[in-house]
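The values are calculated or read from the model by the stated rules, or taken from the named source; none is laboratory data. Keep in mind it's a predicted model, so treat the numbers as computed, not measured. FYI the Cβ positions are ideal-geometry reconstructions off the backbone, even for glycines, and counts take in every protein chain you see. In case anyone asks, the SASA skips ligands and DNA or RNA and just uses the protein heavy atoms, side chains included. Shrake-Rupley method; radii C 1.70, N 1.55, O 1.52, S 1.80 Å.
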Amino acid sequence: MGIHTQPSIPTSSVASYPPLPFLDTKEGMGAVEDFPVLDFSIFDEPNGISALANKAQAAFETTGFFYITNFGLEDNEVKEQFELGKQILQLPKQQKENYLANLADGDYNGWRPAGSIEQFPGLRDNWEAYHIYKDNKENERNHPAEVTENKSMIYRFHRHCHEDVGSKMLRIIEAILEVPEGTLVDQHGYDKNCSSFLRYGKYHPRTAEDNEKFNNMYVKDHTDFGSLTFLFSNSIGGLQVRVPDGTWKDIPHVPGSLIVITADILQFWTYGYMRSTVHRVVAPPAEQQDVERYNLIYFLRPAGDALLNSIQSPLLQRLGFNGKNDSAELVERRRSSVEDWILKQTAKNWVPASDQREQEPEIDALFKKL
Ligand SMILES: O=C(O)CCC(=O)C(=O)O
Ligand SMILES: [Fe+2]
């Protein structure tokens, strides 16, 4: 059914890079009890998938947000990736410019400079990222030596996120939806043409005065565009999730965990039963405010030619998630492909701040009449 266990990643030369500042702080962090932790070590046990499905189901109905532990990568393998990201993003600007992503066309493969988008009128964002798309022919491009020299290590990590963690998570969702094995996994074959990618990100710290000008915001409220997003938890705060009563919760660091964010495609596919997580990044707590905030994220997306049409699920039928009350706009939207949705959403990042939709990700607007 498409789940492949990858061998673990060997320690490479990257391990000798200077370590990142992994700070230990509680300030600004919420309570971990608010979100479930799925222990993947039980996945292959008899009833393991249904136990994990039972644990995840309520989260999918509310925030779409939870953690995974024991996901098959050692702490030092994850740390090695953070360090590699730091190494790439510390390269001189002129060098990174050789690897610019074709952002205007919605293509993130390569370097995305800080300040690419206007966050508030006249004010540009403070984050840059280096993106590595899947190891497929159509994604080939030039990369700095830091990438090419570590290519096999990077792609093994990439594949583990996609084919192991991603497939297991999709299998759990298939169990929740009571659909045949493979219904979702098969739409995410690693060899299919899609825009899944690994992000090495870096937020440049701002002064307290600048933070105030930006309403303390690093990344405004948004949902992610693919199916699932996996963020490797680290101790630098700032990530927040919107909960059903409309308030925001700080996301606590759970050492050794992977943070899961549900993204738009799952909301489309389930007639809105599963919620695309509304999240944002604010300036980290005071004691971390001067720290460069690195992140490491895998964005899992289905094949680009898959449709936004919903899947046939006995659970959804029983619960009445059948699209009967969908707006004409939503019905129309469902006829488009995954690639079309992702490209249109990405393009919106380039809309001037004064014309941007305030406080309401488009997925909220499309589904609010349900
Ligand atoms: O940096 C983070 O914690 C989250 C970033 C994020 O939401 C994104 O890149 O889509
Ligand atoms: Fe996000």
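Centroid-to-centroid, using Cα positions, the stretch 250-286 and the stretch 221-237 are 6 Å apart. For the chain, the fraction of 1.4 Å probe accessible surface lying on carbon and sulfur atoms is 48 percent. For the chain, averaging the sequence separation of C-alpha pairs within contact (under 8 Å, six or more residues apart) and dividing by the residue count gives a relative contact order of 22 percent. In the context of the full set of protein chains, residues of the stretch 57-178 present 37 Å² of accessible surface per residue (probe radius 1.4 Å, heavy atoms only).
Charge dipole of the chain (Cα centre as origin; +1 on each Lys and Arg Cβ, -1 on each Asp and Glu Cβ, all else neutral): 500 debye, rounded to the nearest 20.
Where in the stretch 200-233 does the label zone of Val243 land, with the point 7 angstrom along Cα→C-beta and an amide N cut-off under 19 Å? Output list for this probe position: 221-222.
Summed over the residues of the stretch 243-370 and divided among them, the accessible surface reaches 43 Å² per residue at a probe radius of 1.4 Å. Computed packing ranks the peptides 141-149, 103-111 as 103-111, 141-149, most packed first, by mean other Cβ atoms within 10 Å. Checking every one of the trypsin sites (Lys or Arg not before Pro) in the stretch 27-123 against DSSP loop status and a limit of 12 other Cβ atoms within 10 Å picks out no site at all. Pull out a ≥ b ≥ c, the square roots of the eigenvalues of the alpha-carbon gyration tensor of the stretch 103-190, then state rounded if a/c is under 1.5, prolate if not and a/b is larger than b/c, and oblate in the remaining case. In terms of gyration-tensor shape, oblate.
The alpha carbon gyration tensor of the chain gives principal lengths a ≥ b ≥ c with a/c below 1.5, which makes the shape rounded. Here the extension length gained between Glu45 and Asn309 equals 91.7 nm, from 0.36 nm per residue of separation less the Cα-Cα distance.
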